[in-house]
Structures are given as C-alpha cells and as structure tokens.
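Scroll down for the structure; my scribbles are underneath it.
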Amino acid sequence: MTKVVEISPTTRLEGHSKLTLKVDDQGIVERGDWLSITPVRGIEKLAIGKTMEQVPKIASRVCGICPIAHTLASTEAMEASIGCEIPTDAKLLRVILHAANRLHSIALHNILILPDFYIPGTETKFNPFANEQPARSVMARIVRIREIGQTIGAIAGGEAIHPSNPRIGGMYHNVSPRAKQKMADLAKEGLVLAHEQMEFMLEVIRNMQNREFVEVAGKQIPLPKTLGYHNQGVMATSPMYGSSSLDEKPTWDFARWKETRPWDWYMGEVTIDLEDPSYPLGGTTKIGTKANPQMEACTGVPTYDGQPVEVGPRARLSSFKNFDEKGTFAQHIARQMEYPDCCYTILKCLDNLNTSGKVLADHIPLGDGSMGWAANEAPRGTNVHLARVKDGKVLWYEMLVPTTWNFPTCSRALTGAPWQIAEMVVRGYDPCVSCATHMIVVNEEEKIVAQKLMQW
Amino acid sequence: METLYSEIVVAGCGNPLYADDGLGPAVVERLKDLELPENVTVVDAGLGGPHFIFTLLNPKSTKTLIIVDIADFGGEPGELRWLTVDELPVGSYRDAHSWDLTEPLQYIKDDIRIRVLACQKKYVSAPDMVIGITDEVQKAIPGAVSEILKEIGMKYETA
C-alpha cells in the first residue's frame, strides 16, 4: 500500500526545500515531489523601473552563494537588450571570473556531499571535520582550491563575493600585468590541486557506485544502480561560459521556453502516514500532518520544448562532450570532471588577455525596449536572465535560474529510490533553492506577456 | 604556501534588499572610498558571509576580523555597539540560508581576534524585498565608519 513520508527541511544544500514522497511497502519512492519552501520574494517585480545599472546589483543579492553568476547573467541580459557588444578583453575578464567562481563552487559542493560517501575500502563514511586522514589533507586541499578561486575572482571581478568590476558595456578596470601574473601563478597551482581533488573524488564516487547498500540512521538501505535516473532531457548552452541573444548563433532558444504553474506538475493534498524519528536531523514529518505540494511549491515550472529539463555539469558534458552516464553518480562525476577545465579556461584567457586593451564599449545605447537574454552556465547549470530595457530603465525582467529548471526534473528522478536516500538524489543537483524562488507568473499575466513577446 | 590574505579583514554583512539589513554593505562602500592601509581588506560579504568569509581568512596572516552588521540588542535604532563572539547568542546570528555563523566564529576566535560592530536595526523587511535603509540607521553609517577606522588604528577625521 502506498504511504506518504516527508523530509522537511532537506539538509546540506542551499535554501529551504522539502521532499514529499509516496512510497511502496518496501519504502521505494513511487512518486516524489521536491519543492522549494523558501518564501517567494519577487525580485522580478522589484527590478521594474530601476536603471539597467541597478538591476545587476539587485540580482547579485538574490542569494549568498551565486552573486557572480547572477551579476554576469544580469549584466549581459541588459547588454543583450540594448544591443551593446563589449570589448574582447572585458569578455576575457568575465570568463576568468566565471571559471574561478565555478572552481571554488565545486570545492564547496564537495564538502556538502562527502558525508554521504564512504572512504574507499572502508565501512566508514567521510567526515570532513574529522581530525584524522584522509579528511585533513582533503579539506586542506578544498580550502586552498576555494582560496585560489576566490582570489582570482577578486582580482578579475574586483571583489571576492559580490563582484564590483563588471558593468554594463564591459568592465570598470582592466588588470595590471602584475595582477595578470598573479592570476596565472594561482591558476597553475590550482590546476595541480584540481587534478588531485578530481582523482580523489572520482575514486570516492566510483567506490560508492559499486556498493549494494548504504547505511542511513543505523539501517542498511539498498542502493539501486539506477539512482536518480529520469527520462527528461538535458539543457546546456556551452561547456564553460554561456550564450546570449547577441550571439551570431545563440545556443538557447527563447521560443522553446514556457513557464507553467506548479499545480500542473506537483501532487495535491496528502496526509503523512509514514514516519521515522531516527532519520538524521530530527526525524521525518509527524504522521497525520497534511502536505500540499501544489500549493506550497514556491517556484514556477519552466519547460523547454514542453518538458522540464536537467541543467548542470552532466547536462553540459552530455551536450558537448559525449558524456553518456545517467543518474545521481553521473552528475557527481561530471561535476568533478569540470574541475581542471576551470583552471585551463583561466590560463587560456590569461594568455589572450591584453592588460592595456580597453574594457569598456565606446558606445552604450540606452535601449529601445527590445527583449534580450543572456544564459550563463553557472556552477549549478544554465542561468538565463531576460530583460527589456528602454531609455536606460528596465521594463521587464525575468530570472530562470538553474535550480528552478532542476526542481521538477529531480522530482521525477526520485522514483525508484529508497526514500531514505532521496536526499542524495537532490544533492546530486547541487541545488541552490533561494535563487530558484521567484514570482509565480499567473495565467492571465502569462498569456499577456507571451503574446507581447511574440511581437518583438 | 603563499598567504593570500591581509592582517585585518573588515566584512560588511547583510542584504540591501531587506531594508536596514543593507547597513553592512553600505559601510563597506564608504570605507572603500577611503585610502586604507595595505594590511586591510574590506569586503562586501553580502549575505554570503558564512559560505565565503572563512576562506578569506588565514590564521597565519589574518590577525583581526571585523564584522559589521545589524542586530537586535534592544537599543535605540541606529545605536552602535561592539560585541564579542560570546555575546552573540547561538543560532540568532543565522544568515538567510541557515548556515550558522556563530559556531564557526567560536571555532576561530582563539586564532583570530574577532570584533563585531552591531547596529540596532529598526526595520528588516525579509522575506519581502525593500530597498533603502531607514533614516535612523542611515545616520549611524558615519559613526560606524569612524569606529572601524579607530579599530584598525587610523586617525581619520570624519566630518
């Protein structure tokens, strides 16, 4: 008989989300819903009427983890709307900033997922905070990779957390030859560490993939080989940076995107009738509690070609590098494989960077209200910002962030997993829930917006 | 290993989209307009403090961490007060994404001197987004700047 169990809130990810799961007698998920319960904040509404310089600053405050991805996507959406091409050296600095951000983000995610994994050859789960080896040297390497990523980001982007250097039309400043050299030295050191860390993580993940069982709260839970498999497609715009509507051949298609409402996708009201007080961090939701994912979900459901899609490292690697593995472990493997690419990208950009080149466009138009979009391949996946700018003011703004794309896809990927390891499936997406939580477009409004956009 | 970080790190925490919560970044903005000694790094930590600040510190090179943020210590709106880590109640100093900042601060307080400059809030709009710091808290900004300058050992006359 189907029972309903709920894990709320989920842990070791960014933001507040929960899992409402219908499970069979063996505890295998028949139908799962993963949804954001972070309060809706309405950044898109706040942006209307602000200047095109202000909005990227506002967008960068949506979340504490992703300021760099949002600053870049938002700035470039404005540039796409006003039709402003930026100088090559400005673009190179942005790519360096972007790659450095991804480098430290992968390392951060390593800390979040390692407690799910075993130290290869042992029955001991990895505790990043343990005083013994291998934890100490792995953590020291992770911290150094993050330091390197943040320092390169601070040099190219002006600041380590909220980048101050990007602006509409390019960048405020180029870097000095000495700063360029420092970034190159750090990227070379980072490359060695990134390779080591990738090799380590791949061993840990492959070891886990070969296991039959994992321990959760003292119980042995079977580990399916198809953990996290789903039949939704993948979406990626570039292996590293992204695309925009200014590109000669854009790799994202506005016409294929449609936002639908959560009640088309999530389950209706259910009553919790399965409970496990021993589940880590305070047990699952109490029996008798009502849950209503349709009404509680705080995100819209974006679709591409009429279906939710997966975005992120696995989507990038399967779109551009013939990576053909599926499921949760494939997502982890793909993410580690992006480690060295970040450093190679930084080094390649530095090779081409002219420190005396100009970094600001000669002419920055004020915009005529045309729709422009920019897609940025953030650590967690495709981050699309769309804007209409007229006379320097933002008329319309929309953010389609990676985790919003992944919410409905991941919900489908939960089917077939024992409920006790459902959170492992969620963590495979490296979710950032706060970013994903926006205004829900109501039907009437949506129609009007869609019709108007068709004419532009 | 080459150390990347300076002796004194000043971190302005908070989110300008939540009204008075924007104080930290606003103080940082003022500090950046000033010429500061080379051993000082001023960083707009935004709401990413717990995730990002700790990789900006290195016990080998960092001696002092100064945090600027709003707080609710029952004072008059705009009142400034220096707090120690032990005065921060555990769990009350959470960022929007539930990564506790107090616990990691407790871990490092023996290696790095931590000073917290708290300003009594008047209005924090979270979860709604409101841009703009209230007048009372706005008026505290010059005071906060000079407090920090004193703390880092600079005599800087503010008008």
Taking the simple approach of a point 7 Å from Cα along Cα-to-Cβ for both A:R211 and B:T84, what is their distance in nm?
4.3 nm
Listed pairs B:K60/B:K150; A:K182/B:K139; A:K358/B:K60 exceeding 28 Å between Cα atoms
A:K182/B:K139; A:K358/B:K60
Quick calc, the protein assembly as shown, dipole around Cα centre from Cβ unit charges on Lys, Arg (+) and Asp, Glu (-), nearest 20 debye, gives 680 debye
Can I get the semi-axes of region A:218-267's equivalent ellipsoid? Compute them from the C-alpha gyration tensor as square roots of 5 times the eigenvalues, in angstrom, largest first.
34, 19, 9
Pairs of alpha-carbon atoms within less than 8 angstrom and 6+ residues apart define the contacts here; what relative contact order does chain A have, in percent?
29 percent
Bounding extents of region A:226-325 in its principal axis frame from Cα atoms, largest first in Å, are 56, 28, 22
Take every residue in peptide A:57-67, count the Cβ atoms of other chains within 10 Å of its Cβ, and give the average of those counts.
6
State the answer as a single residue: which of A:F320, A:V309, A:A297 lies farthest towards the positive end of the charge dipole of region A:282-335, with beta carbon charges of +1 for Lys and Arg and -1 for Asp and Glu, about the Cα centre.
A:A297
Solvent exposure of region A:228-379 as accessible area per residue, Å², 1.4 Å probe:
44 Å²
Placing each pseudo-label 7 Å from Cα in the direction of the beta carbon, A:Q181 and A:T226 end up separated by a distance in nanometres of 5.8 nm
Most packed first (mean Cβ within 10 Å per residue), the peptides A:337-348, B:27-38 order as A:337-348, B:27-38
Kirkwood Rh, Cα atoms: Rg over Rh of region A:125-191:
1.15
Would you please put A:412-420, B:52-60 in order of how densely packed they are, using the mean number of other Cβ atoms within 10 angstrom per residue and starting with the highest?
A:412-420, B:52-60
What is the ratio of the Cα radius of gyration of region A:69-125 to 2.2 N^0.38 Å, with N the residue count, to two decimals?
1.82
Charge context of B:A26, other residues only, Cβ under 12 angstrom, K/R +1, D/E -1
-3
Straight-line reach from A:K91: which aspartates and glutamates have a Cα under 12 Å away, not including same-chain ones fewer than 8 places off?
A:E76
Structure shown: which of A:K180/A:K249; A:K18/A:K286; A:K258/A:K326 lie over 23 Å apart, alpha-carbon to alpha-carbon?
A:K180/A:K249; A:K258/A:K326
Which Cα, out of A:L227, A:M201, A:Y241, lies furthest along the positive dipole direction of region A:150-263 (beta carbon charges, K/R +1, D/E -1)?
A:Y241
Could you tell me the ratio Rg/Rh of region A:303-441? Both radii from Cα atoms, Rh via Kirkwood.
1.06
Report the dimensions of region A:80-229 along its three principal axes from the alpha-carbon atoms, largest first, rounded to Å.
57, 36, 21
Normalised alpha carbon radius of gyration of the protein assembly as shown [divisor 2.2 N^0.38 Å]:
0.94
Expressed in angstrom and rounded, the centroid-to-centroid distance over alpha carbons for region A:197-266 and region A:1-57 is 16 Å
Before we go on, tell me the buried accessible area for the A/B pair, both chains summed, 1.4 Å probe, in Å² to the nearest 100.
2700 Å²
Among A:N406, A:M78, A:V138, which residue has its Cα positioned farthest towards the positive end of the charge dipole of chain A, with +1 placed on the Cβ of Lys and Arg, -1 on the Cβ of Asp and Glu, and the dipole taken about the Cα centre?
A:M78
First compute the accessible area of the protein assembly as shown with a 1.4 Å probe, then give the percent of it belonging to carbon and sulfur atoms.
52 percent
Counting other chain Cβ atoms within 10 Å of each Cβ in A:153-162 and taking the mean gives 5
Run down the lysines and flag those whose C-alpha is under 19 Å from the C-alpha of A:K50, throwing out any fewer than 8 positions away in its chain.
A:K390, A:K393
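The values are calculated or read from the model by the stated rules, or taken from the named source; none is laboratory data. These figures come from a predicted structure and were not determined experimentally. Note that each Cβ is placed from the backbone with ideal geometry, even for glycine, and that neighbours are counted across all protein chains shown. What goes into the accessible areas is simple: the full protein's heavy atoms, side chains included, and nothing from ligands, DNA or RNA. Shrake-Rupley method; radii C 1.70, N 1.55, O 1.52, S 1.80 Å.
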